[in-house]
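First up is the structure itself, then whatever we jot down about it.
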Amino acid sequence: MLYSSYFIPTVKETPSDAEIVSHQLMLRAGMIRKLAAGIYTYLPMGLRSIRKFENIVREEMNRAGAIELLMPSVQPAELWQESGRWNFYGKELLRFKDRKDGEFCMGPTHEEVITDMVRREIKSYRQMPINFYQIQTKFRDEIRPRFGLMRGREFIMKDAYSFDVDSSAADASYERMYNAYVRIFDRCGLNFRAVEADSGTIGGSFSHEFMVLADSGEDAIASCDSCRYAANVEKAESRPTQPGAAKEMLPLEKVSTPAMKTIADVAAFLNILADRTIKTLVYSSGSGDFAMALLRGDHELNEIKLKNCLGWDEIEMATEEAIMRITGSPIGFLGPLGLKEQVPVIADLAVEGMANVVMGANEKDMHFINANLGRDFPVERFADIRTVVAGDACPRCDGGKLEMWRGIEVGHVFKLGTKYSTSLNATYLDADGKEQVIFMGCYGIGIGRTVAAAIEQNHDENGIIFPLPLAPFHCSVVALNAKDAGVMAAAKEIYLKLEQQGVETLFDDRDERPGVKFKDNDLIGIPLRIVVGSKGLAEGKVEVKIRKTGEVLPLPVEEAITKIRQLVDATLVPCNT
RNA sequence: CGGGGAGUAGCGCAGUCUGGUAGCGCGCGAGUUUUGGGAACUCGAUGUCGCAGGUUCGAAUCCUGUCUCCCCGACCA
């Protein structure tokens, strides 16, 4: 490709509305332009990277036996009503009407459409296992789109759906996809972790997220420093602490703690550490149910764990009025003792071993000291409801400690079970001619987000440093002086030879000063570069420069081409497992 | 949804408090000189000052409404 006849609108200044590096660099490198909040045009360079990644995904999906198809973005309301998600999905689902007043939505995901197709076409156990995938544009009307392609409203996603005769066959499909995902992100040269995740509202029995590690990631993940355990903090389990030796119970006492509304205030006021206090929280299901949660004072509640533990669909903090009704106390002095209204009391596992604790007295400006579980207050049940922190003991191995990371969720695999096949009545006939419900799995990869995550993980002060498999071009050839016919002829020859050998090459033939060309080439992140200048040429040499390391190799022309060829081949061979 | 901020040339911004007919840098076009890390000089083009009302002799500037965009929060008891 000739730079001069291509379209790479780079910009020097960082656009003011871009917050994170990948967004800034994608704009500056001329990869994307914003049309509206969370809606982007992929310019040629951006599209090239996206296509590169799509093709890796496609190759690995095909290798894993998935079959490509393409479903519509516009979907009829009827299907969503049938699955029950038309009402459940909320404002993220962009709805509209056609000229005949028929209701439609932009597809945020395709469980309904694929299940509809499958229930019509898959009738026999002999047609399974089968797995369909597509690479397609989704629309989710996000509350707050941000960070460029990282959280857009319109975005490209690879989604796959597996269909199996039973649960164990579905497990095998899940594992095949999991392994394919590992290969995909490995091939892109990304530093990632597969972590256990909460299956959330999509439902299903278990799921894993694929997280690219980056400080700008929106998710927190915990991983063990000695075993393979890794999980999203939403899901990460805490290890039950061994109860210490039973302590002598001191007499319960009510003390005045004027205006001490937070754990930190109370602990400081009473001159104790926060881990001697109990934090009391009241939660609402949003539909009339309430529950009280008890935590060690220095711990944080994990709302998702509590929600799952209570079996609620939604969870939110109770309003001040509801709290007043249930406890008779304003916020800041809550405790499990002496409730005005009985609600379930769930205590975190760490509360179990505590003795002589400080907790709210359900009375303004008053706390109890030396409160003891069992003697002074009952607990309905104990459960793991706190958020893990760095240094916590690993739940899976002895001696391991949890480390915390930030991650960008680029892929998610779910074992769905029969949730959608039941609501949409997707069944088959087994070998005995008996009707059975199909078992499903679903598997997503954010295409644009992965490219953005790759940039987030691979850049320097000069711009993007693309991993070669995702780079828009493998190599650039920079002719230093466009007016020097000798230089131009030599550069062009190198460019043509590289192209001939299958190296995707951008020939920077522009009549620009060398500085401009170097800056642009750095910014757009082409991994390899050959610089052709009159001085070097006089000695029969050109320079091979490696973007990532900054390494410069002066080589004779033919050797330079061979070198580039070798570097490209070495990086592009699919990993073998 | 709540809170904060911003819409002025393609991009980044000043001008708004104190109303007087729109400016800077980059970019863009022409020319000359330059040519190994975002060149210098000369000349030039480019604006419904987000939109709609209102106040005024006069509005980018004041008032009202509206749209759009960005950030933060939904981590507390």
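The values are calculated or read from the model by the stated rules, or taken from the named source; none is laboratory data. Predicted model only: the values in this text are computed from it and were never measured. Please note: Cβ atoms are built from the backbone with ideal geometry, for glycine as well, and neighbour counts cover all protein chains shown. Ligands, DNA and RNA are stripped out before the accessible areas are found, and what is left, the full protein with its side chains, is counted by its heavy atoms. Shrake-Rupley method; radii C 1.70, N 1.55, O 1.52, S 1.80 Å.
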Expected unfolding gain across A:THR14-A:ASP215 under the 0.36 nm per residue rule, minus the alpha-carbon gap, is 70.4 nm
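What percentage of the solvent-accessible surface of region A:285-384, computed with a 1.4 Å probe over protein heavy atoms, is contributed by carbon and sulfur atoms?
The value for region A:285-384 is 48 percent carbon and sulfur by accessible area.
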Excluding residues fewer than 8 positions from A:LYS91 in its own chain, the aspartates and glutamates with Cα under 12 Å of it are A:ASP141, A:GLU142
Rh (Kirkwood, all Cα-Cα pairs) for region A:473-572, Å, reads 13.1
For region A:473-572, the dipole about the Cα centre with charges only on Cβ (Lys and Arg +1, Asp and Glu -1), to the nearest 20 debye, works out at 200
Share of accessible surface on carbon and sulfur in region A:54-200, whole %, 1.4 Å probe and ligands ignored, is 48
Counting Lys and Arg as +1 and Asp and Glu as -1 over every other residue whose Cβ sits under 14 Å from the Cβ of A:ALA170, the net charge comes to -1
With only helices counted (DSSP H, runs n ≥ 4, each -39500 (n - 2.57)), the per-residue ellipticity at 222 nm for chain A, to the nearest 500, works out to -8000 deg cm²/dmol
Straight-line reach check, A:LYS419, cutoff 19 Å on alpha carbons, 8 or more apart in-chain or any other chain, hits among lysines -> A:LYS123
Pairs over 32 Å Cα to Cα, from A:LYS519/A:LYS541; A:LYS535/A:LYS563; A:LYS415/A:LYS548; A:LYS52/A:LYS100, come to A:LYS415/A:LYS548; A:LYS52/A:LYS100
Result for chain A: accessible area per residue, probe 1.4 angstrom, in square angstrom, of 45
In region A:473-572 the accessible area split gives carbon plus sulfur, as whole percent at 1.4 Å, a share of 53
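Given region A:253-383, report the % of alpha carbon pairs whose separation exceeds 27 Å.
11
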quick shape note, region A:131-260: Cα extents on principal axes in Å, largest first -> 66, 38, 31
Checked chain A with the C-alpha gyration tensor, a ≥ b ≥ c its square-rooted eigenvalues, rounded below a/c of 1.5, otherwise prolate if a/b is larger than b/c and oblate if not; verdict prolate
A student applying the Cα gyration tensor rule (rounded when a/c is under 1.5; otherwise prolate if a/b is larger than b/c, oblate if not) would label region A:51-141 oblate
Cα-Cα pairs in region A:1-120 separated by more than 20 Å, as a whole percent of all pairs, come to 63
In region A:499-571, the GluC sites (Glu not before Pro) that sit in a DSSP loop and have at most 13 other Cβ atoms within 10 Å of their own Cβ are A:GLU539, A:GLU551
Taking a straight Cα-to-Cα line shorter than 13 Å from A:LYS254, and setting aside same-chain aspartates and glutamates fewer than 8 residues away, one finds A:GLU363, A:ASP365, A:ASP376
For region A:58-207, the percent of all C-alpha pairs falling in each 10 Å bin, from 0 up to the bin holding the max distance, is 9, 32, 39, 16, 2, 0
Quick shape check on region A:278-351: root eigenvalues a ≥ b ≥ c of the Cα gyration tensor, a/c under 1.5 is rounded, otherwise prolate if a/b tops b/c, else oblate, and it reads oblate
